[in-house]
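This report concerns only the one structure given below.
Read-outs: derived from the displayed coordinates by stated rules, not from any lab. Small disclaimer: the values here were computed from a predicted structure and weren't measured. Cβ coordinates were reconstructed from backbone atoms using ideal geometry, including for glycine residues, and neighbour counts include every protein chain displayed.
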Amino acid sequence: MDAIILAGGTLRGEFAAATGTTVKALLAPTGETLLERAVRAAKESDYITRVAVGGPPEVEEVARRSGADFCTPGGPSAVDTALRAAEAMNATGMLYLGATDLPYVTAADVNHLVQQMPDLPAVGYAVVEKGPFDAAFADHHKRFVTLSNGRFRSGGAALIHASLLKPLEPMLRAAFAGRKSMGRLAVLVGFEVFLRFLLSQALGPRVAPSTEDLRRRIEHKLGCPGVILYGTPGIGFDIDKLSDWEYVRRRAQAPVGEDPRETAEAH
């Protein structure tokens, strides 16, 4: 299996000023860059043989030093970056697509996702449940969506068969563009599922859709098998805001044996 590490994220304003870089992949909150961490997790996986990094020219040196087999220019969106990398690799089978803003991702996290994918052309998207996430990061708040079978947040990884990248390009672009827009989300998952989600905000999770409802709807929309991949906490913790960066830094600097929650409360 090939892996594509998406390293095109940028920082602006206060976040960029506080960290001294505009390239998110080059943040180093734990002593190694996020890009190094992402490449290492893929390279050490039991299932991945080649790794490509797609991003701006600033990441190429770190990517090569980390052991990436290919470095390709980033595109206007993550979809463009993935397409360019897949073409450069001449990828033909299942692809692991990983974000670079996951400071705790490991090879075990990658293995856990890959083991859930069927051996056929399909699309898999990672979600992380609140319970395990809170057990790992109880002292840091992240947003979760309430469904009928639990509370979940998106994970920073997906799996897709290379043969589906081109046919599904319009849908993948729509999904990426609409990932943070409630209106566009309604179009993607369908009005009925979206209405159940809205009603659940007032009536409780019993009327909310389940992950299986979402899977079936997305599968229908894509026209190919879809899989919900239940990820580990390391797949669900992303550095999206300055407060995330500060949390990871505090946790990394806490003395061995010290409860990181006490460190966080002290700040």
Cα-based Debye curve of the chain sampled at q = 0.09, 0.11, 0.15 Å⁻¹ gives log₁₀ I(q)/I(0) of -0.41, -0.62, -1.17
Mean Cβ neighbour count within 10 Å, used as a protection proxy, ranking 59-65, 138-144 highest first
59-65, 138-144
Given the Cα-Cα distance of Ala252 and Glu44 and 0.36 nm per residue of separation, how much length would full extension add, in nm?
72.7 nm
Could you tell me which residue out of Pro233, Ala68, Leu214 lies farthest along the dipole of the chain toward its positive end? Charges go on the beta carbon: Lys and Arg +1, Asp and Glu -1, centred on the Cα centre.
Leu214
Past the 29 Å Cα-Cα mark, which pairs from Lys24/Lys142; Lys43/Lys241; Lys43/Lys221?
Lys43/Lys221
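How long are the semi-axes of the ellipsoid equivalent to segment 1-113, from square roots of 5 times the Cα gyration tensor eigenvalues, in whole Å, largest first?
Sorted largest first and rounded, they come to 22, 16, 11 Å.
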Taking every DSSP bridge whose two residues both lie in the chain, the antiparallel percent to the nearest 5 is 45 percent
For Cα pairs less than 8 Å apart in space and 6+ apart in sequence, what is the mean separation divided by the residue count of the chain, i.e. the relative contact order in percent?
21 percent
Can you give the extra length, in nm with one decimal, that the chain gains between Ala202 and Glu32 once fully stretched, where that is 0.36 nm per residue apart less the Cα-Cα distance?
56.8 nm
Could you tell me the calculated FRET efficiency between Glu192 and Ala135, based on Cβ-Cβ distance and R0 = 51 angstrom, to the nearest 0.05?
0.90
When the dipole is taken about the Cα centre of segment 2-252, and only Lys, Arg (+1) and Asp, Glu (-1) are charged at their Cβ, what size is it in debye, to the nearest 20?
700 debye
